[in-house]
Amino acid sequence: ALRQISQRTISTASRRQIENRVPEHQKLFQEDNGLPVHLKGGVKDALLYRTTMGLSVFGTIYALYYLIVSSMPKK
């Protein structure tokens, strides 16, 4: 029974052909257009990058603020 199940899953996976898009991605990322590699994906990458940087800056400022507040003596 186990042999039939394993053969069935292997044979059904080979029927679905997935298009190989690696060469087109290689062209995109190897193109010399002056952009850093983490921004070559387009608008989605730029939005994710800016969101990450914004959250990082906000988190750093927030942590520094509470560090300063906690270092002050209470009245």
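Listed by first and then second residue, the pairs with beta-carbon distance under 8 Å, at least 6 apart or on different chains, first residue in region 28-51 and free of Cβ contacts under 8 Å to residues at least 60 places away in the same chain, second of a type in the set (F, W, Y) and surrounded by 13 or more Cβ atoms within 10 Å (Cβ to Cβ), are H38/Y49; L39/Y49.
Only residues that are among the β-branched types (V, I, T) and either modelled with pLDDT under 90 or part of a loop (DSSP other than H, G, I, E, B) (or both) were counted in region 16-36, giving 1.
The values are calculated or read from the model by the stated rules, or taken from the named source; none is laboratory data. Please read all numbers here as calculations on a predicted model, not as lab measurements. Every residue, glycine among them, receives a Cβ derived from its backbone with ideal geometry; neighbour counts consider all protein chains shown.
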